[in-house]
Every structure is written in C-alpha cells, then in structure tokens.
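S.K.: Take a look at the following structure, please.
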Amino acid sequence: MSIFVFALVITILLPMILRKCNVDNKQKKIYLYIIFGILIIISGLRAVSVGIDSNSYFNEFLGFKYTNLSDIIQNSPMDIGYIIYSYIVYIIIGNIQGIFLISSILISIGFGYWMYKYSEHIVISMLLYIVLIFPVTMNIMRQSIAMAFILLAISMVHSKNLRKAIIFEIIAICFHMSAAIFIPVLFFSKRRTKIGKSILFLGTLAGIIGIALGPKLIEIFVQIFPRYAQLLLYSNFTRGEDVSTILLIAYGVLGLVTFIFIIIEKKTQDSEIEIISYAMFICFFVCYYLSKSIVIVQRIKYYFIASLLILVPFVLGKFLNTSKVGSRCIYFVIECGLIGIGIYFYKQDGQGLLPFLFYWQEGVI
C-alpha cells in the first residue's frame, strides 16, 4: 500500500521543483518521464500475485514452453495480437516480467502522450490517472494496452492523420477485439470532416438513448463479439458493481458544465479535443450507470475513462487561474483531496493489488 501512497505524494511534490510543469512543455515532459518512470517500475516489476488477471497472463506465457504457437493461437481465448506479442517477448526475454515491463511502457506511452498533448493541468490529470486508471492497468492488461493505442489513434484523428489513426486502431483491435467500437471515430480523420458542436448534441442524445436502451445495446454487443457472451453465464459476472450515487452526480455535473463551456466557446476548432473527450465522457457515463447490472459494461467503460484526464482540468481551468496564488492554493487542496480518494480506493483493492509485492519478494509472505 505504501508504494501507491508514495506515487501519489510524489505527484504533487515534484511540481515544487518543476514549477512550470503545467505550462512549459519541457518541464511537462520531464514531469511525465519521472512519474511514469515510477509507475513503470511499480507495474513492470510487480509479482505475479499482484492483479486479479495476472495469473492468467502468467499461465498463457508458461504455455509457450509446452505448446507451439499455432496451437495456442487456435485454442487461447486471448486475441491473436497479444499472443504474438507474448511469444516475441518469450523468445527474446523468456520471463513473464518482460511482459509486465514492456506492457507498462506501452500503456505509459499512450496515456502519457494523451496527457502531454491535451491536458491543461498535468498534475491533476496525473493524479486522476493514478487514482482511477493505473490500478486497472495491472489487472486488465490487454485491454489497457488497447486503450493506450486507442488514445494514440484518437490523437491522430484530431491531427487529421488517417493513416496513423488506422494503424493504431488495428493494433488496438489485435490486442483486444472490443477496441473495434472506436472504428467509427476514424471517419473524423478526414480533413474535410469537422468535429463541430453538432457532435456535442448528437453525443448527448446518444447518451440518453444509451441509458434508456442499455440492456438491448449489451445484447447487440455480445452478438457482435460472441466471445464475451460467456460473461453472461456466470453469477459473479452478472452482479455488476456498486454504483456510487455521489460519483454519478459528480460525473453528471462535470458533463453538464463541460457541455455549457464548450457551447459558449467562440472558436469551434479550438474545442475539438474537448468535444472528442466529451463524446468519450458521455459513453463513460452511460457505461458507469449500466455497470451496476453487468460486468461487460464495467470493462467497456475503461475505454472512455481517459476523457476525465482532459475534461476535469478543462473545467477547473475555467474557474481557476494558475497565475494567481489563491487559485494555486485551491488546486493544491484539490490535489490533496484526490490523494485521499486514491488511498481510499487502493484500500478497497478492487483490482487485487494488495498486498503489493515486487517479483523478487514473491513467496516472502
């Protein structure tokens, strides 16, 4: 537990040295390299016992010793991209820590680039990442890698680079087939296609429909991706998760305030990434609401949670000016509050991270 507290605390202490990390790109890069470096060490060097799904990855990796690649591809429930990736790591490194370490680096690149390019307050974004996303990456690792490549694809969509967007999307799908839900986003890579405020209204409408027709949409998803139908057969997968009313209200307020601020923006072009993030957030909100009933939606929501890394700093920036002492004090209070929330979430241990052990400590306790 102490290792996670350390990561949270260093996240808010480092800006005391890198005072301009929220506005200066060079300092922002240094900040991201240091914090993600710490997170890569934590995640990449963790023991196999850390993370609910880690044993599954270990057993899959162990299979290369006794089974040839073609048989594993044919019989494994995991996607072909991840299997080939694991096999390459097995040939080169021959140890499961190679999978954990390289996966941690890939995930950090995707989320780090996303924050570097689009966050208006890198410290808030990093705290949100450590609190809400980082624990998940040590559990659903394949999907987390897919999430990282999806973020790179969306960044290319924003840059109107269709070729790179397609490449990143294909890689994401190879790691986790469910990443195919982002294929329609590639349409906006065309230079003539504007990401205007009409998307804002369509996204909001889609969200309302999603909440109303959630169960039916789940059935359609399972028909498109039949391999996930098995999740409907087990009672432990159908109980869903406890949906916090307070969080639901907070997310609703965040969505409403974001909607208002984007609407009053004079230059639509300047708001494109906020509009994209808002559309992602609507999907996240719908999935969070529906996650109380089925685990499939719990997993899908993590594709959209990265929108919080952009929208929360965006909204806070409309109320607070980092050049003023009072605003900086308020930011610090918010950061301390996020640390408190993070400690609470880590204690709940929903991802099976405790007791945390590094790989060389395995078997000590």
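S.K.: Kindly write out, for region 163-170 in residue order, the coupling ³J(HN,Hα) from the Karplus curve 6.51 cos²θ - 1.76 cosθ + 1.60 (θ = phi - 60°), rounded to whole Hz, with x marking Gly and Pro.
M.R.: 4, 5, 4, 5, 4, 5, 5, 4
S.K.: So how far apart, in nm, are the two label points at ILE249 and ASN95 if each is 7 Å from Cα heading toward Cβ?
M.R.: 5.0 nm
S.K.: Given the peptides 170-181, 118-129, 8-19, arrange them by the average over their residues of other C-beta atoms within 10 Å, most packed first.
M.R.: 118-129, 170-181, 8-19
S.K.: Quick one: what are the phi-derived ³J(HN,Hα) couplings along region 113-118, Karplus 6.51/-1.76/1.60 with θ = phi - 60°, whole Hz, x for glycine and proline?
M.R.: With the stated coefficients, region 113-118 comes to 5, 4, 6, 4, 6, 10 Hz.
S.K.: Quick query: amide H of PHE358 versus all other amide H atoms, modeled in the peptide plane; which residues come in under 5 Å with a sequence gap of 5 or more or a different chain?
M.R.: ALA47
S.K.: Suppose every K and R has +1 on its Cβ and every D and E has -1 on its Cβ; what is the size of the dipole of region 2-127 about the Cα centre, in Debye to the nearest 20?
M.R.: Once rounded to the nearest 20, the dipole reads 620 debye.
A short reminder: the numbers here are calculations on the coordinates, not readings from a lab. On a predicted model such as this, the values are computed, not experimentally measured, just so you know. Here the Cβ is made from the backbone with ideal geometry for all residues, glycine too, and neighbour counts use every protein chain on show.
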